[in-house]
1. Using the crude model of +1 on Lys and Arg Cβ and -1 on Asp and Glu Cβ, and no other charge, please compute the dipole size for region 16-256 relative to its Cα centre, in debye to 20.
2. Report, in listed order, any pair from 301/347; 93/215; 196/268; 44/227; 196/310; 21/68 with a Cα-Cα distance greater than 20 Å.
3. Rounded to the nearest 0.05, what FRET efficiency do residue 1 and residue 141 have when you use their Cβ-Cβ distance and R0 = 56 Å?
4. On a C-alpha basis, how far is the centre of region 1-56 from the centre of region 273-307 in Å? Whole number, if you could?
5. 7 Å from Cα along Cα→Cβ at both residue 41 and residue 289: what's the point-to-point distance in nm?
6. Mind giving me the FRET efficiency for residue 186 and residue 327? R0 is 45 Å, r the Cβ-Cβ distance, nearest 0.05 is fine.
7. Would you calculate the separation in nanometres between label points at residue 350 and residue 282, each defined as 7 Å from the Cα along the Cα-to-beta-carbon direction?
8. What FRET efficiency would be calculated for the residue pair residue 272, residue 237, taking the C-beta separation as r and a Förster radius of 41 Å, to the nearest 0.05?
Amino acid sequence: MTRIYNFSAGPSMLPVEVLEKAASEMLDYNNSGMSVMEMSHRSKVYDGIIKEAEAKFRKIMGVPDNYKVLFLQGGATLQFAMVPLNLLTGSGKADYVVSGNFSNNAYKEAQKFGTINLAGTSKADNYAHIPQQDELTLDPEADYLHICTNNTIYGTTWKYIPETGNVPIVADMSSCILSEPVDVSKYGLIYAGAQKNMGPAGLTVVIIREDLAGKTQPTTPVMLDYKVMIDNDSMYNTPPTYGIYILKLVLEWIEKLGGLVEMEKINKAKAKVLYDFLEESKMFKSTVLERDRSMMNVTFKTGDEALDDKFVKESKAAGFENLKGHRAVGGMRASIYNAMPTEGIVKLVEFMREFEARNS
Ligand code: PMP
């Protein structure tokens, strides 16, 4: 068996220990005589899995008691609609910062449901930086401010939490959740698709301050109503059972590593290997402002498209998959989520160094 270094932006690598454990329990989970995929979501054994997944998630993320954790479907993209359907019901106005592709998608979707103010954007520099507090125009009457804390395509990350007074912050953390500690109490709602740091695609995790639920727009379908999901412990219908089980295994893996404080140290050290090389290299350059660069998605270019293509092709042949950058940025992108081993990045840098020597 050969496992390659997979730099995909998502779905992306899962820890080998998690995959091995899932494989060992595939046919017979905990003497139940069946796979987790085959069991009723209402069975006692599955109840143990989902409860443990939630308890571990709450502990690792430090979720305060007045917040609910929900296991939903529809990806982060469904949250682009679900958030306004549920939260845009006070003044009917919300602020959105557009710092990349997905926050722009969220901004466009929300416009169907109320009055949406573009509170700030870095579109002018092709999202190479994160708008700072003094670049934001915030409405004190807004029902919420929406941000995307890590921009998967552009390789930037919010290093500060905006000051909004009493306006709750809604954050898309799809590509950075569980990568570092988060002060959940600073947010009204956090959501994330699972397929980068949590598990397989098909599961979306939402953390919501309880008082924000229950003011849903009247025509909201039940499946899109946070209050319905809260009242039914994420089991109004069949939840994504296997994804929740894998999340439980991922959380056990993080717990064993020492939780999010340790996870952050590892991630910082990993990203540093690559960023240090980008600073030293005469060929490869980071595409974003140093202050705002992401630990999870590292974007870089040679400045010559043909050379970028050559690099992507040769890196693939050398066992480094999915390094081609998103078409919106071009160049390369190395997504180095929690499960990417340090060795993968060290080897990538060796390959880059060697490629540079050969092509200069
Ligand atoms: N937000 C961010 C930050 C993302 O990276 C992605 C997917 N790459 C999405 C939203 C969309 O997620 P999904 O495909 O789960 O709907």
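1. Details: 20 positive and 28 negative charges, 52 e Å.
Dipole magnitude for region 16-256 comes out near 240 debye.
2. Details: 301/347 18 Å; 93/215 14 Å; 196/268 17 Å; 44/227 24 Å; 196/310 27 Å; 21/68 28 Å.
Where the Cα-Cα span goes over 20 Å, the pairs concerned are 44/227; 196/310; 21/68.
3. FRET efficiency, residue 1 to residue 141: 0.45.
4. 35 Å
5. That separation, rounded to one decimal, is 4.3 nm.
6. Numbers: r = 34 Å, r/R0 = 0.76.
It comes to 0.85.
7. Calculated label separation equals 2.4 nm.
8. Working: r = 44 Å, r/R0 = 1.07.
Once rounded, the FRET efficiency stands at 0.40.
Every read-out reported here was derived from the displayed coordinates using simple, explicitly stated rules and does not represent laboratory data. Quantities reported herein were computed from a predicted structural model and do not represent experimental measurements. Positions of Cβ are generated from backbone atoms using ideal geometry, with glycine treated the same way; all protein chains shown enter the neighbour counts.
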